[in-house]
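The values are calculated or read from the model by the stated rules, or taken from the named source; none is laboratory data. Remember, it's a predicted structure, so these values are computed and weren't measured experimentally. Don't worry about glycine lacking a Cβ; one is built from the backbone with ideal geometry, like all the others, and counts go over all protein chains shown. Surface accessibility is based on the protein's heavy atoms, side chains included, excluding ligands, DNA and RNA. Shrake-Rupley method; radii C 1.70, N 1.55, O 1.52, S 1.80 Å.
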Amino acid sequence: MKKRAAGAAAARPGGAIGDATADEVAAPFRWGLVRRLLAFLRPYRGRVAVMWIFTLVESGAAVLLPYLMKVAIDVHITAGSVSGLLTAGAAYLITVLVLFAASRAEGALLTRIGYGVLFGLRRDLFARLQSLPFRFYDGRRTGSVMTRLTSDVQVLEELLQGGLNTLFADLVLLVGVIGMMIALDARLSLVLAVILPLFGAVVFWLRGKLVRAGRGIQARLGALNGFLNESITGVKVIRSFAREETSMREFDKVNAEYYGQAKKFYPLNAFFWQSVTTLNAIATALVLLGGGLLLSGGLVSVGVIAAFLVYVTRFFQPMQRLSNLLNLLSRAMASCERIFEILDERPETDEAPQTPAPLSVEGRVAFERVDFGYSPDEPVLTSVSFDVPAGATAAIVGPTGAGKTTIANLLCRFYEPSAGRVLVDGRDLRGLSLRDYRARTAIVMQEAVVFSGTVLDNIRFGRPSATGGEARAVARELGIDDMFSALPDGYLTQTGERGAGLSLGQRQLVAFARALLRDPALLILDEASAYIDSATEKLVQAAMRRLRRGRTTFVIAHRLSTIRDADVILVVDRGRIVESGTHEELLAKSGRYAELLRSQYKAL
């Protein structure tokens, strides 16, 4: 309910935008994010230096071409010198070829560097998502997290490909163009004194607005993706309850919010480009007007005017690219903030060092006065204490929301207790290496997770070094080998995305085989037989009785008939252990367990 509420709040107007609040959307531009992004360029410093050399060559050739045209007009065309004109034309052609070669080399390096940076960024981002504690995911929509890896990184891709070299290249080109214009005629260069302040005013006025609008677009896109992810994964529920129209209305609402943000950003973007184009036209008109006046007085040549017209166009080309860079930056900074928000999250702590030899776990489990809550003001477990001997089977029962799965989460160390200790073989779980400890545990959840690939791939996920024969041996021991063999391609049958090619029961059986192939010291079954039919459940229960030998097993079950033979049954109610004992002992007490059992029989 918390997750759903958080997602719904993200989509409501006036609330949080995706994962960003209205204050965060309106926050000022943070240049520190640019510096952090540039840090990903460090492994490519050598290539960047070579790229900048080609950039200097390219910019120099671009600045030289109008001057060569001026020389051709004033010196050779005016004098009617054909040989001189051929020489000037050859020089012009060679300069064009140098410009082309330098541009090609610069572009190739830019592509390699840009995609290399994105590769490293995606790798670091995915690695951090793999290591974050489960609390991080509790209040976030899956679609919003996915946006960080997809559209946010794509925005940075546009920035790196369009802006990684733009700033340096265009600044060099601007300096060269302005220098040549002043050198050719300082009076005509006064055109820049009119144009530059106007351009600066446009940039100053639009910069903050573009940044805020860019943040809003990326934030609303996260909310939109989150809604789409929930709707697609829950399409069967939507259709079965005939909620298509309601879902469409909700989508229209979220989509309208994204559209509203886009309507703020893109008109500003269009105004920016229109302003640059208009200033270019004004500068051209001023050159023609001023050049014509100077030419009539014999103060300037035709070649100089022609060169100035080209230089004015060249002047606005980098200005247009720099303005585009500003627009890219306005969206990229929102993406950077969202990406670095994840990279700045503290990963799951594993303070204990990994041991050279595999961690030895016998399997004795004890909770000592454990308190826990997913949020500080909502306790889920209160002073929970119990002791389960190594190799025993402990069943955890109780009404929905009593805290059964939370006990399993703490035992897997998905969360840390807020008070008390979880002990394994007398050692505090926080003192054990997470990787070593989890290598000795396995969990089968109510909703079995099946990945794309074959049935065999998913079983071997529990122990990738296992052979196909070992995987089949586990299935035979569970009594489900015939079921998998009867699939269209047997164990090589493709499961599809999220196991869509298998039934719910088949997915559950794959998860059983995967967990048991791991041969864990601790086995946790969280409503693991919920989707298995009665006939298959009898086979699984018989196999589980054999496979539980030598390992500690925790079984969380609503169907109390499945845990009669447990060594100890822990009855949880409102976050406390209210009873414990064997099936017979608890029936004799005629307490909470007996009440739960009677209510199930009445329901049947």
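Remark on GLY501: its backbone amide H falls under 5 Å from those of GLY496, a criterion applied only to residues 5 or more positions apart or on other chains, H modelled at 1.01 Å from N. Mean residue ellipticity at 222 nm, helices only, the chain: -20500 deg cm²/dmol; runs of at least 4 DSSP H residues each add -39,500 (n - 2.57), and the sum is divided by the number of residues.
One way to sum up the overall shape of the chain is the equivalent ellipsoid from its Cα gyration tensor, whose semi-axes run 69, 26, 21 Å, largest first. Amide H to amide H distances under 5 Å link ILE443 with ILE524, where only residues 5 or more positions off or on other chains count and H is placed in the peptide plane. Spatially close Lys pairs in the chain, defined by Cα atoms under 29 Å apart and a spacing of eight or more places or different chains, total 19. One way to sum up the overall shape of region 551-604 is the equivalent ellipsoid from its Cα gyration tensor, whose semi-axes run 17, 13, 12 Å, largest first. Sorting the segments 33-43, 395-405 by their residues' average number of neighbouring beta-carbon atoms within 10 angstrom, most packed first, yields 395-405, 33-43.
Relative to the longest principal axis of the C-alpha atoms of the chain, give the angle of the C-alpha long axis of helix 302-343, reported between 0 and 90° and rounded to the nearest 10°. The helix 302-343 is inclined about 10 degrees to the chain. Highest average first, the peptides 592-600, 386-394 ordered by how many other beta carbon atoms sit within 10 Å of their residues are 386-394, 592-600. The radius of gyration of the Cα set in region 85-189, together with its Dmax, comes out at 22.7, 75 angstrom.
Helix 82-131 and the longest principal axis of the Cα set of the chain meet at an angle near 20°.
Averaging the sequence gap over all C-alpha pairs within less than 8 Å and six or more residues apart, then dividing by the number of residues, gives the chain a relative contact order of 15 percent. Helix 166-184 and the longest principal axis of the C-alpha atoms of the chain enclose an angle of approximately 10°. Less than 5 angstrom separates the built amide H of ALA419 from those of ASP371, all sequence-distant by 5 or more or on a different chain.
A 1.4 Å probe run over the chain, with the rest of the protein chains in place, finds 49 Å² accessible per residue. Per-residue accessible area (protein heavy atoms, 1.4 Å probe) orders SER335, SER296, SER375, SER103 as SER296, SER103, SER375, SER335, starting from the largest. Across region 552-558, computed HN-Hα scalar couplings (Karplus, 6.51 cos²θ - 1.76 cosθ + 1.60, θ = phi - 60°) run 7, 10, 10, 10, 9, 8, 8 Hz from first to last residue, x flagging Gly and Pro.
Of the listed residues HIS583, HIS558, HIS76, the order by accessible area with a 1.4 Å probe, largest first, is HIS558, HIS76, HIS583. Across region 68-77, coupling constants 3J(HN,Hα) worked out from phi with the 6.51/-1.76/1.60 Karplus curve, θ = phi - 60°, read 4, 5, 4, 5, 4, 6, 6, 9, 9, 5 Hz, and Gly and Pro carry x.
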